[in-house]
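K.L.:
Here it is, the structure, as structure tokens.
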Amino acid sequence: MTISLAIAPHLPYLRRFARAVSGSQSSGDAYAVATLEAIVADSGVFRTDLEPRVALYQVFLGVWGSVSLTTDLGAAEPDQSSLTKAQAAGSKRLGALTPPSRVAFVLSAVEGFSEQQIADALGCSVEDAKTLLHRAGLEISRQIATDVLIIEDEPMIAMNIEALVEDLGHRVTEVARTHGEAVAAVKRQKPGLILADVQLADDSSGISAVLEILGLLNVPIVFITAYPERFLTGEHPEPAFLISKPFRDDMVKAVISQALFFDQKASLPRAKAQGAGKQASAG
């Protein structure tokens, strides 16, 4: 397969990535074009031993780090009005991250790269990639530190999650073990993020608890569960992040940062929201 055929499917993603790290679509496109020109001028810069998308991003990052083109982080774009609230919030916060951390975070949160792929794209070790992701998490936390409610009935797991949350600079308000405790905790103090298990101490459902909470406020939700199949029913908040147990600490940190960074507040499933609306109208 020729290089042009290998990279063609990935060009739309390159434009998205270029916009995120450079700060605007116009400057991002300029860097994307410069990347393609670099490959045309010297095909040897495109590493065929890597996945095509990773190799393409590696060339882009080499160009981005060595060629000075017009970039304007935070500048208004002609298409700014088309951005969702979450995209606009994320775009603004990206500009506050230091460049290496910004790149690592976007590769992970937006492009879905693994730590190995991030390391390959950046030309660094996996340990260095982990360090950059951790640094990004800390920088993000300084921007958007918040109160966190943990809904978890296993004490050791709850303590582990609490330590991860506090390591990122957030504050745990309470740890709830049941549906009732979770709802009561929210009524006492509204959290900026909820981390919830699915199966709780009294055999109640963490999903049901979160759905009731979302009737009171909209907030980012991350489910950490050994029962991911429970989400196949469609009766869960939209959007909701899902982490399977046993979990990796760095995965939990990355998902927390992503949910808060892009201000991805969950809401009730459409069916339940419509039902609630009809009840309110009838009342």
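K.L.:
About its Cα centre, how strong a charge dipole does region 145-271 have in debye, to the nearest 20, once Lys and Arg get +1 and Asp and Glu get -1 at the Cβ?
P.N.:
The dipole of region 145-271 has a size of about 380 debye.
K.L.:
So for Val148, Val110, fewest C-beta neighbours within 10 Å to most, what's the order?
P.N.:
Fewest to most other Cβ atoms nearby, the residues stand as Val110, Val148.
K.L.:
For labels at Asp167 and Ala41 in the simple 7 Å Cα→Cβ model, what's the distance in nm?
P.N.:
Modelled inter-label distance: 4.3 nm.
K.L.:
What's the extension gain from Leu11 to Val33 if we count 0.36 nm per residue and subtract their Cα-Cα distance?
P.N.:
Using 0.36 nm per residue and subtracting the Cα-Cα distance, I get 6.9 nm.
K.L.:
What does the highest-first list of 155-162, 218-225 look like by mean Cβ count within 10 Å?
P.N.:
The most tightly packed comes first, giving 218-225, 155-162.
K.L.:
Also, quick follow-up: Among Leu260, Leu164, Phe223, which residue has its Cα positioned farthest towards the positive end of the charge dipole of region 145-271, with +1 placed on the Cβ of Lys and Arg, -1 on the Cβ of Asp and Glu, and the dipole taken about the Cα centre?
P.N.:
Looking along the dipole axis, the top candidate is Leu260.
Every read-out reported here was derived from the displayed coordinates using simple, explicitly stated rules and does not represent laboratory data. From a predicted model like this one, the values you see are computed outputs, not experimental measurements. Neighbour counts run over all protein chains shown; Cβ positions are idealised from the backbone, glycine included.
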